[in-house]
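The values are calculated or read from the model by the stated rules, or taken from the named source; none is laboratory data. Since we're looking at a predicted model, the values are computed, not measured. Heads up, the Cβs are rebuilt from the backbone with ideal geometry, glycines too, and the neighbour counts pull from every protein chain shown.
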Amino acid sequence: MTQNGKVIITCAITGAIHTPSMTPYLPVTPDEIASEAIAAADAGASILHLHARDPETGRPDQSPEGFARFLPRVKQSTNAVVNITTGGSPYMTVEERVAPAATFQPEIASLNMGSMNFGLYPMLNRFKDFKHSWEREHLEGSRDLVFRNSFQDIEYVLRTCYGNGTRFEFECYDISHLYNLAHFADRGLVKAPFFVQSVFGLLGGIGPHPEDVLHMRRTADRLLGTDYRWSVLGAGSNQFRIAAQAAAMGGNLRVGLEDSIWAGKGQLATSNTVQVTKARQIIEGLGLAVATPDEAREILSLKGGDQVAF
(Lines give C-alpha, C1' and ligand atoms only; values in the text may rest on other atoms or scores of the structure.)
Protein backbone atom coordinates (compact mmCIF):
# COMPACT_ATOMS: atom_id res chain seq x y z
CA MET A 1 0.00 0.00 0.00
CA THR A 2 2.88 2.41 0.60
CA GLN A 3 4.31 3.91 -2.56
CA ASN A 4 8.05 3.16 -2.76
CA GLY A 5 8.14 2.82 1.02
CA LYS A 6 6.86 6.38 1.55
CA VAL A 7 4.24 6.87 4.26
CA ILE A 8 1.94 9.90 4.35
CA ILE A 9 1.38 11.49 7.75
CA THR A 10 -1.80 13.54 8.03
CA CYS A 11 -2.15 15.79 11.07
CA ALA A 12 -5.66 16.82 12.15
CA ILE A 13 -4.92 19.99 14.08
CA THR A 14 -8.04 20.74 16.16
CA GLY A 15 -11.26 19.13 14.87
CA ALA A 16 -14.71 19.50 16.40
CA ILE A 17 -14.81 16.69 18.98
CA HIS A 18 -12.59 17.77 21.86
CA THR A 19 -13.43 20.92 23.78
CA PRO A 20 -11.18 23.59 25.31
CA SER A 21 -11.77 22.42 28.89
CA MET A 22 -10.32 18.98 28.13
CA THR A 23 -6.80 20.22 27.48
CA PRO A 24 -5.04 23.59 27.54
CA TYR A 25 -3.15 22.56 24.40
CA LEU A 26 -6.11 22.42 22.00
CA PRO A 27 -5.65 25.09 19.28
CA VAL A 28 -8.62 27.45 19.26
CA THR A 29 -7.64 30.87 17.93
CA PRO A 30 -6.55 31.43 14.32
CA ASP A 31 -2.99 32.12 15.48
CA GLU A 32 -2.92 28.89 17.49
CA ILE A 33 -4.32 26.82 14.61
CA ALA A 34 -1.87 28.32 12.12
CA SER A 35 1.13 27.94 14.44
CA GLU A 36 0.26 24.33 15.28
CA ALA A 37 -0.28 23.48 11.61
CA ILE A 38 3.04 24.97 10.53
CA ALA A 39 4.92 23.21 13.35
CA ALA A 40 3.26 19.89 12.48
CA ALA A 41 4.35 20.28 8.87
CA ASP A 42 7.90 21.05 9.98
CA ALA A 43 7.84 17.85 12.05
CA GLY A 44 6.87 15.70 9.06
CA ALA A 45 3.14 16.00 8.38
CA SER A 46 2.64 16.25 4.63
CA ILE A 47 -1.14 16.84 4.93
CA LEU A 48 -2.79 19.25 7.36
CA HIS A 49 -6.46 18.47 8.07
CA LEU A 50 -8.03 21.73 9.24
CA HIS A 51 -11.13 22.87 11.12
CA ALA A 52 -11.94 26.36 12.43
CA ARG A 53 -13.17 27.39 15.87
CA ASP A 54 -14.70 30.44 17.48
CA PRO A 55 -11.66 32.14 19.05
CA GLU A 56 -13.63 33.21 22.13
CA THR A 57 -15.44 29.98 23.05
CA GLY A 58 -13.63 27.29 21.06
CA ARG A 59 -16.92 26.17 19.51
CA PRO A 60 -16.63 24.63 16.01
CA ASP A 61 -16.98 27.28 13.30
CA GLN A 62 -17.64 26.15 9.73
CA SER A 63 -17.98 29.60 8.19
CA PRO A 64 -15.61 30.46 5.33
CA GLU A 65 -14.68 33.56 7.32
CA GLY A 66 -13.41 31.38 10.16
CA PHE A 67 -11.06 29.52 7.81
CA ALA A 68 -9.95 32.71 6.07
CA ARG A 69 -8.33 33.82 9.33
CA PHE A 70 -5.60 31.17 9.09
CA LEU A 71 -5.52 29.51 5.64
CA PRO A 72 -3.34 32.15 3.91
CA ARG A 73 -0.76 32.05 6.70
CA VAL A 74 -0.59 28.24 6.58
CA LYS A 75 -0.17 28.23 2.81
CA GLN A 76 2.49 30.96 2.87
CA SER A 77 4.50 29.25 5.62
CA THR A 78 4.58 25.62 4.47
CA ASN A 79 4.44 23.43 1.39
CA ALA A 80 2.14 20.95 3.13
CA VAL A 81 -1.12 19.89 1.49
CA VAL A 82 -4.10 21.65 3.09
CA ASN A 83 -7.14 19.44 3.69
CA ILE A 84 -10.35 21.33 4.59
CA THR A 85 -13.04 19.44 6.45
CA THR A 86 -16.53 18.97 5.04
CA GLY A 87 -17.41 17.11 8.25
CA GLY A 88 -17.47 20.28 10.33
CA SER A 89 -19.62 19.28 13.28
CA PRO A 90 -22.40 16.64 13.48
CA TYR A 91 -24.82 19.42 14.39
CA MET A 92 -24.40 21.27 11.06
CA THR A 93 -26.23 20.94 7.74
CA VAL A 94 -24.40 19.64 4.67
CA GLU A 95 -24.63 23.10 3.10
CA GLU A 96 -22.83 24.60 6.11
CA ARG A 97 -20.27 21.83 6.17
CA VAL A 98 -19.25 22.10 2.50
CA ALA A 99 -19.08 25.91 2.34
CA PRO A 100 -15.35 26.35 3.22
CA ALA A 101 -14.20 23.67 0.75
CA ALA A 102 -16.43 25.15 -1.97
CA THR A 103 -15.05 28.62 -1.26
CA PHE A 104 -11.33 27.85 -0.97
CA GLN A 105 -11.07 24.90 -3.42
CA PRO A 106 -8.34 22.99 -1.53
CA GLU A 107 -6.29 20.16 -2.96
CA ILE A 108 -8.16 17.74 -0.73
CA ALA A 109 -11.21 17.80 1.54
CA SER A 110 -12.54 15.24 3.99
CA LEU A 111 -15.84 13.47 3.30
CA ASN A 112 -17.61 11.14 5.75
CA MET A 113 -19.01 8.19 3.79
CA GLY A 114 -22.23 7.47 5.68
CA SER A 115 -24.63 8.43 8.45
CA MET A 116 -23.86 7.04 11.89
CA ASN A 117 -24.48 7.32 15.61
CA PHE A 118 -21.72 9.57 16.94
CA GLY A 119 -21.30 8.97 20.66
CA LEU A 120 -19.15 11.51 22.46
CA TYR A 121 -21.05 11.38 25.77
CA PRO A 122 -18.72 8.79 27.42
CA MET A 123 -16.20 11.63 27.72
CA LEU A 124 -18.45 13.00 30.47
CA ASN A 125 -17.16 10.17 32.68
CA ARG A 126 -13.69 11.70 32.55
CA PHE A 127 -14.35 15.43 32.16
CA LYS A 128 -16.61 17.10 34.73
CA ASP A 129 -15.86 20.83 34.72
CA PHE A 130 -16.30 23.03 31.65
CA LYS A 131 -15.46 26.66 30.92
CA HIS A 132 -18.22 27.16 28.36
CA SER A 133 -21.85 26.02 28.49
CA TRP A 134 -21.77 24.61 24.96
CA GLU A 135 -19.15 21.99 25.88
CA ARG A 136 -21.36 19.87 28.15
CA GLU A 137 -24.30 20.27 25.76
CA HIS A 138 -22.07 19.19 22.87
CA LEU A 139 -21.16 15.94 24.63
CA GLU A 140 -24.50 15.20 26.29
CA GLY A 141 -26.40 15.82 23.06
CA SER A 142 -24.56 12.99 21.33
CA ARG A 143 -26.68 10.43 23.23
CA ASP A 144 -29.39 11.18 20.67
CA LEU A 145 -27.28 12.22 17.69
CA VAL A 146 -27.10 10.78 14.21
CA PHE A 147 -24.31 12.34 12.15
CA ARG A 148 -26.17 12.63 8.89
CA ASN A 149 -24.37 11.83 5.65
CA SER A 150 -27.04 10.42 3.35
CA PHE A 151 -26.36 9.34 -0.23
CA GLN A 152 -27.87 12.65 -1.28
CA ASP A 153 -25.57 14.57 1.08
CA ILE A 154 -22.47 12.75 -0.16
CA GLU A 155 -23.42 13.35 -3.78
CA TYR A 156 -24.01 17.03 -2.99
CA VAL A 157 -20.48 17.40 -1.60
CA LEU A 158 -18.96 15.50 -4.50
CA ARG A 159 -20.73 17.55 -7.15
CA THR A 160 -20.00 20.82 -5.32
CA CYS A 161 -16.25 20.24 -5.04
CA TYR A 162 -15.09 17.98 -7.86
CA GLY A 163 -15.46 20.74 -10.46
CA ASN A 164 -12.77 22.64 -8.56
CA GLY A 165 -10.27 19.79 -8.84
CA THR A 166 -10.58 19.00 -5.13
CA ARG A 167 -10.04 15.35 -4.24
CA PHE A 168 -11.17 13.66 -1.04
CA GLU A 169 -10.05 11.99 2.14
CA PHE A 170 -12.88 9.44 2.34
CA GLU A 171 -13.48 8.93 6.07
CA CYS A 172 -14.83 5.42 6.63
CA TYR A 173 -16.00 4.75 10.18
CA ASP A 174 -17.41 1.31 9.40
CA ILE A 175 -17.45 -1.43 6.78
CA SER A 176 -20.67 -0.09 5.26
CA HIS A 177 -18.85 3.15 4.43
CA LEU A 178 -16.44 1.22 2.22
CA TYR A 179 -19.41 -0.23 0.37
CA ASN A 180 -20.81 3.29 0.00
CA LEU A 181 -17.52 4.44 -1.51
CA ALA A 182 -17.56 1.49 -3.93
CA HIS A 183 -21.13 2.46 -4.89
CA PHE A 184 -20.05 5.99 -5.84
CA ALA A 185 -17.02 4.57 -7.69
CA ASP A 186 -19.32 2.28 -9.69
CA ARG A 187 -21.40 5.34 -10.62
CA GLY A 188 -18.29 7.22 -11.76
CA LEU A 189 -18.74 9.99 -9.20
CA VAL A 190 -15.37 9.47 -7.48
CA LYS A 191 -11.97 9.14 -9.08
CA ALA A 192 -9.12 6.76 -8.26
CA PRO A 193 -6.80 6.66 -6.46
CA PHE A 194 -9.18 6.87 -3.50
CA PHE A 195 -7.63 8.14 -0.26
CA VAL A 196 -9.41 5.98 2.33
CA GLN A 197 -9.12 7.12 5.94
CA SER A 198 -10.26 4.22 8.14
CA VAL A 199 -11.47 5.47 11.53
CA PHE A 200 -11.33 3.14 14.54
CA GLY A 201 -12.59 3.42 18.10
CA LEU A 202 -15.27 6.09 17.94
CA LEU A 203 -18.51 4.97 19.59
CA GLY A 204 -20.99 4.31 16.78
CA GLY A 205 -18.37 3.10 14.31
CA ILE A 206 -16.08 0.10 13.99
CA GLY A 207 -14.08 -0.82 17.09
CA PRO A 208 -10.32 -0.58 17.72
CA HIS A 209 -9.52 -4.31 17.95
CA PRO A 210 -6.64 -5.52 15.74
CA GLU A 211 -9.12 -7.79 13.95
CA ASP A 212 -11.23 -4.71 13.13
CA VAL A 213 -8.22 -3.12 11.47
CA LEU A 214 -7.59 -6.28 9.47
CA HIS A 215 -11.26 -6.54 8.51
CA MET A 216 -11.34 -2.95 7.24
CA ARG A 217 -8.18 -3.50 5.20
CA ARG A 218 -9.34 -6.81 3.71
CA THR A 219 -12.71 -5.35 2.76
CA ALA A 220 -11.13 -2.31 1.13
CA ASP A 221 -8.80 -4.59 -0.83
CA ARG A 222 -11.72 -6.66 -2.05
CA LEU A 223 -13.92 -3.72 -3.01
CA LEU A 224 -11.34 -1.26 -4.34
CA GLY A 225 -8.42 -3.44 -5.46
CA THR A 226 -5.36 -1.36 -6.24
CA ASP A 227 -7.36 1.85 -6.75
CA TYR A 228 -6.96 3.19 -3.22
CA ARG A 229 -4.40 4.48 -0.73
CA TRP A 230 -5.09 3.34 2.83
CA SER A 231 -4.66 5.44 5.96
CA VAL A 232 -5.76 4.89 9.55
CA LEU A 233 -6.99 7.02 12.42
CA GLY A 234 -7.18 5.55 15.91
CA ALA A 235 -9.38 7.59 18.24
CA GLY A 236 -8.17 8.45 21.73
CA SER A 237 -5.90 5.96 23.43
CA ASN A 238 -6.02 3.70 20.36
CA GLN A 239 -4.03 6.18 18.28
CA PHE A 240 -0.49 4.84 18.29
CA ARG A 241 -1.27 1.13 18.63
CA ILE A 242 -3.41 1.22 15.51
CA ALA A 243 -0.87 3.47 13.78
CA ALA A 244 1.87 0.91 14.41
CA GLN A 245 -0.26 -1.99 13.18
CA ALA A 246 -1.30 -0.17 10.02
CA ALA A 247 2.19 1.11 9.23
CA ALA A 248 3.49 -2.46 9.45
CA MET A 249 0.73 -3.44 7.00
CA GLY A 250 1.74 -0.75 4.50
CA GLY A 251 -0.75 1.92 5.53
CA ASN A 252 -0.50 5.67 5.96
CA LEU A 253 -1.15 7.43 9.29
CA ARG A 254 -3.27 10.23 10.67
CA VAL A 255 -2.61 11.77 14.07
CA GLY A 256 -3.45 15.10 15.72
CA LEU A 257 -5.39 16.66 18.57
CA GLU A 258 -8.66 16.25 16.65
CA ASP A 259 -8.34 12.49 17.06
CA SER A 260 -6.60 12.19 20.44
CA ILE A 261 -5.44 14.65 23.07
CA TRP A 262 -2.95 12.13 24.49
CA ALA A 263 0.76 11.48 24.04
CA GLY A 264 0.70 8.36 26.22
CA LYS A 265 -1.24 6.81 29.07
CA GLY A 266 -2.51 9.67 31.25
CA GLN A 267 -0.19 12.13 29.50
CA LEU A 268 -1.67 15.04 27.54
CA ALA A 269 0.01 15.86 24.25
CA THR A 270 1.40 19.36 24.58
CA SER A 271 1.15 19.92 20.82
CA ASN A 272 0.27 18.27 17.54
CA THR A 273 3.99 18.08 16.87
CA VAL A 274 4.41 15.60 19.73
CA GLN A 275 2.08 13.18 17.96
CA VAL A 276 3.60 13.74 14.51
CA THR A 277 7.04 13.04 15.94
CA LYS A 278 5.82 9.76 17.49
CA ALA A 279 4.21 8.76 14.19
CA ARG A 280 7.46 9.48 12.40
CA GLN A 281 9.36 7.33 14.89
CA ILE A 282 6.99 4.42 14.22
CA ILE A 283 7.43 4.77 10.46
CA GLU A 284 11.20 5.12 10.51
CA GLY A 285 11.51 2.33 13.09
CA LEU A 286 9.94 0.01 10.50
CA GLY A 287 12.54 1.00 7.93
CA LEU A 288 10.10 3.18 5.98
CA ALA A 289 10.29 6.86 5.09
CA VAL A 290 7.93 9.76 5.64
CA ALA A 291 6.49 11.19 2.42
CA THR A 292 7.18 14.83 1.65
CA PRO A 293 4.23 17.04 0.68
CA ASP A 294 5.13 16.78 -3.02
CA GLU A 295 5.45 13.01 -2.76
CA ALA A 296 2.00 12.93 -1.11
CA ARG A 297 0.64 15.00 -4.00
CA GLU A 298 2.02 12.50 -6.48
CA ILE A 299 0.76 9.47 -4.55
CA LEU A 300 -2.77 10.92 -4.25
CA SER A 301 -2.87 12.62 -7.70
CA LEU A 302 -3.57 16.06 -6.22
CA LYS A 303 -3.80 19.22 -8.32
CA GLY A 304 -1.06 21.20 -6.56
CA GLY A 305 -0.93 24.00 -4.04
CA ASP A 306 -0.82 26.65 -6.76
CA GLN A 307 -4.40 25.82 -7.81
CA VAL A 308 -6.25 26.54 -4.57
CA ALA A 309 -8.31 29.66 -3.88
CA PHE A 310 -6.52 30.97 -0.78
The lone exception for Gln197 - which of (1) assigned to a loop (DSSP other than H, G, I, E, B); (2) within 28 Å of Leu48 (Cβ to Cβ) it fails:
(1)
Considering only region 267-287, I want to know if a residue exists there that is acidic (Asp, Glu) and free of Cβ contacts under 8 Å to residues at least 24 places away in the same chain.
yes
For residues that are touching a residue at least 60 places away in the same chain (Cβ under 8 Å), more than 20 Å from Ile17 (Cα to Cα) and not small (Gly, Ala, Ser), scanning just region 227-248, find the one that is surrounded by the fewest Cβ atoms within 10 Å (Cβ to Cβ).
Trp230
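Within region 85-92, does at least one residue satisfy the condition of being aliphatic (A, V, I, L, M), buried (at least 21 other Cβ atoms within 10 Å of the Cβ) and within 30 Å of Arg136 (Cβ to Cβ)? Break it down into steps so the answer makes sense when it comes.
Of all residues in region 85-92, those aliphatic (A, V, I, L, M) come to 92.
Checking which are buried (at least 21 other Cβ atoms within 10 Å of the Cβ) leaves us with none.
No, because not a single residue in region 85-92 is aliphatic (A, V, I, L, M), buried (at least 21 other Cβ atoms within 10 Å of the Cβ) and within 30 Å of Arg136 (Cβ to Cβ).
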Within region 183-226, of all residues that are closer than 16 Å to Gly250 by Cβ and either small (Gly, Ala, Ser) or touching a residue at least 60 places away in the same chain (Cβ under 8 Å) (or both), the one surrounded by the fewest Cβ atoms within 10 Å (Cβ to Cβ) is Gly225
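Determine whether Glu107 is charged (D, E, K, R), under 20 Å from Ala235 (Cα atoms) and either crowded, with 19+ Cβ neighbours inside 10 Å or touching a residue at least 40 places away in the same chain (Cβ under 8 Å) (or both).
Details: charged (D, E, K, R): yes; under 20 Å from Ala235 (Cα atoms): no; either crowded, with 19+ Cβ neighbours inside 10 Å or touching a residue at least 40 places away in the same chain (Cβ under 8 Å) (or both): yes.
So Glu107 does not fit the description; no.
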Taking the options Thr270, Thr292, name whichever one is more than 30 Å from Thr19 (Cα to Cα), surrounded by fewer than 16 Cβ atoms within 10 Å (Cβ to Cβ) and modelled with pLDDT of 95 or more.
Thr292
